[in-house]
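All remarks here apply to the structure that follows.
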Amino acid sequence: MCGIIGYAGHRPAVPVLIEGLSRLEYRGYDSAGVGFIQDGHLHIIKAEGRLSSLKAKLEKHPCLLAVNGIGHTRWATHGIPTERNAHPHLGGDGKLALIHNGIIENYQELKAELLEKGYDFQSETDTEVLAHLIAEGRKQQPDMLHAFAWALRRARGAYAVAMVSPEDPGTVFAARLAAPLILGVGTGEHFVASDIPAFLPYTRDVVFLQDGEIVRINDCSWQVLSLSDLSVIDKKIQTINWDMQVAQKNGYKHFMLKEIFEQPHVIEECLSGRINLKTGTVSLPELQNLPIPERLRIVACGTSFHAGLWGQYLLEQIAHIPTVCDIASEFRYRNPVIGNNEMTLVISQSGETADTLAALRLVHAQKKTVLGLCNVIGSSITREADAVIYTQAGPEISVASTKAMTSQMLVMALLALYYAQRKGIIDLQALNQAAKLLKNLPGILQEALPDMEKTAEKLAVQFSKAKDFFYLGRGHAYPLALEGALKLKELSYIHAEGYASGEMKHGPIALIDSAFPTFALAFDDDLFAKTKSNIEEVQARNGSVILLTDRDVNPEKGMHIWKIPSLYGPFTSFLALSAMQLFSYCMADYLGKDVDQPRNLAKSVTVE
Ligand code: M6R
């Protein structure tokens, strides 16, 4: 769960690396470091804390002559977040410097072997073990490339690594196994990085590296080789159509706010080519060669799990497909029984979440079909799934997921309509109505967002002293309640619990008093009256309530009514989700929290 970047070219390398790291900081931010070759010598500069600490240190260090190097931003797995444990790590007294994202599972046995050979360890990391192992390999192998491959063949676990060495001063070596690594192909310069935005200002031409591949770059060439025998692999360059603007804040105070306000556009992008208003049809060509599943199993983590749970309601109601929803970390260790005509849908923004990827592999091991729903092109899940639907939300930089969830929910809605249409169980009029509503959604949301932000700001001030929060919802509002609570806790560090409204009486209501507010979701549908009764039960115990609703409700004492525009049935969820995202955003910002990079979190959870 770290970010890595390597550069070989004609520009001063360190500023390129630092700029790249600033776009990878979402992957981890407890320490950072760079390694580069200057005057034939290896230089390593590292700092504990955010990238700004490293930048401050670099100001005192002349480094503008180096034209190749590596950079790392860390999310600690082995060893506490200190400068000593920050990357790069040296191998064999400065023969090489290595950065790493992932975990070397057999590092202890390798370390014991290296200790016996007299290697001295400066850190508690698994990465340093690999660095020394490469140095050891160099004693027996003809050159650095062979030594790099030799050591990696002995490593078990997951890695994306990059290395520089004074022995090969113009070259950066990199490799991947179960961790993302992308090659950026420029003119007179080349890059490797964990994610595309790291080098997007310089090139849009990329090569997605696969597990078991090594890449060697210098200023004028790149080459991909097989880890097993160093044979050359023929790879295709793909051109990415993202622009830098999407990876910048565009005048917003935080990426999260920008990403919330991007949602109308994301919905348009996600619907594009998938809904035909003239014929009233939904098309998902990615699925045309797959049979309609008799049962569907959705597996995901965090916010993606909530999107899946929301989708479960729609798939059962609209497409009549029995659906279950599983948390990936539970599913993978449960010995699940997967039926013959069951399809598994794995949902992941990053496409790299370790538990979700493991779930996919478990389903494949049982020779069953996996459909991926991902945002990041070329990510591990997209490469391993039998079919992939892309959410087309663009890069999500803020650690807290917002626009990705909206796009995931939208695809779930399309999926339900698509299967209902293929099964012939939805009439054309209903399909047309749903298609029109979805097409109108971007405009409705766009218009509503500024008012929602104002309401969220006011409520944030009023509720900023709360230490706890309940989020309540029923039906398709229940997954939204879970998501609302997750957003509040991850951003503001306020304890928040999402509950199905009907569960309150079974215990949680004991917590309600005047200091324990409730954020309730109740939409204009058959379940409104039921949720309203649950809200009254909260009020009867002096609990204050924020009621997010699309229905006209008479104000009552202790109740803050937050009215949002009404859409047909479950589609109001898209407005409700944005409102809750804004509430959490405003709370965190008002409380002075680090909105885009909350403590202890990382964007891509590539460890279990
Ligand atoms: O990349 P993924 O969608 O697989 O990530 C899953 C979760 O790690 C992610 O949604 C996480 O819960 C976010 N912090 C939520 O804001």
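The values are calculated or read from the model by the stated rules, or taken from the named source; none is laboratory data. None of these values were measured; they are calculated from a predicted model. So basically every Cβ, Gly included, is an ideal-geometry build from the backbone, and we count neighbours across all protein chains shown.
Listed values, structure above:
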quantity: Meets criteria (basic (Lys, Arg), within 16 Å of the ligand (Cβ to nearest atom) and in contact with a helix residue (DSSP H, G or I) (Cβ under 7 Å, 6 or more places away or on another chain)) for residue 423; calculated: no
quantity: Any chance residue 535 is in contact with a helix residue (DSSP H, G or I) (Cβ under 7 Å, 6 or more places away or on another chain), more than 16 Å from the ligand (Cβ to nearest atom) and either at pLDDT below 95 or farther than 18 Å from residue 470 by Cα (or both); calculated: no
quantity: Given (1) closer than 22 Å to residue 353 by Cβ; (2) over 20 Å from the mean Cα position of the chain (by Cα), number of the condition residue 256 does not satisfy; calculated: (2)
quantity: Hits in region 395-420 (condition: of a type outside the set (A, V, I, L, M) and within 16 Å of the ligand (Cβ to nearest atom)); calculated: 395, 396, 398, 401, 402, 403, 406, 407, 408
quantity: Boolean, residue 238 is modelled with pLDDT under 95, touching a strand residue (DSSP E or B) at 6+ places or on another chain (Cβ under 9 Å) and not charged (D, E, K, R); calculated: yes
quantity: Pick from region 555-605, criterion touching a Pro at 6+ places or on another chain (Cβ under 8 Å) and within 30 Å of residue 357 (Cβ to Cβ), ranking: surrounded by the most Cβ atoms within 10 Å (Cβ to Cβ); calculated: 604
quantity: Index of the failed condition, residue 604 passing every other in (1) within 16 Å of the ligand (Cβ to nearest atom); (2) closer than 17 Å to residue 475 by Cβ; calculated: (2)
quantity: Qualifying positions in region 459-495 - within 16 Å of the ligand (Cβ to nearest atom), surrounded by fewer than 24 Cβ atoms within 10 Å (Cβ to Cβ) and in contact (Cβ under 8 Å) with a residue 24 or more places away in the chain; calculated: 482, 486, 490, 493, 494
quantity: Among the residues listed as 261, 331, the single one being on the phi < 0 side of the Ramachandran plot, within 16 Å of the ligand (Cβ to nearest atom) and touching a residue at least 24 places away in the same chain (Cβ under 8 Å); calculated: 331
quantity: Strands (runs of 3 or more DSSP E) contained entirely in region 512-608, each with at least 3 residues that are touching a residue at least 12 places away in the same chain (Cβ under 8 Å), touching a strand residue (DSSP E or B) at 6+ places or on another chain (Cβ under 7 Å) and closer than 18 Å to residue 489 by Cα; calculated: 518-522
quantity: Residue within region 215-223 that is closer than 25 Å to residue 444 by Cβ, away from the ligand (no atom under 16 Å from the Cβ) and not in a loop (DSSP other than H, G, I, E, B) present; calculated: no
quantity: Filtered residues of region 334-353 (kept if more than 7 Å from the ligand (Cβ to nearest atom) and of a type in the set (S, T, N, Q)); calculated: 335, 340, 341, 344
quantity: Residue 165 being over 28 Å from the mean Cα position of the chain (by Cα), buried (at least 21 other Cβ atoms within 10 Å of the Cβ), small (Gly, Ala, Ser) and closer than 25 Å to residue 2 by Cβ; calculated: yes
quantity: Among the residues listed as 361, 332, 295, the single one being among the charged types (D, E, K, R) and touching a strand residue (DSSP E or B) at 6+ places or on another chain (Cβ under 8 Å); calculated: 295
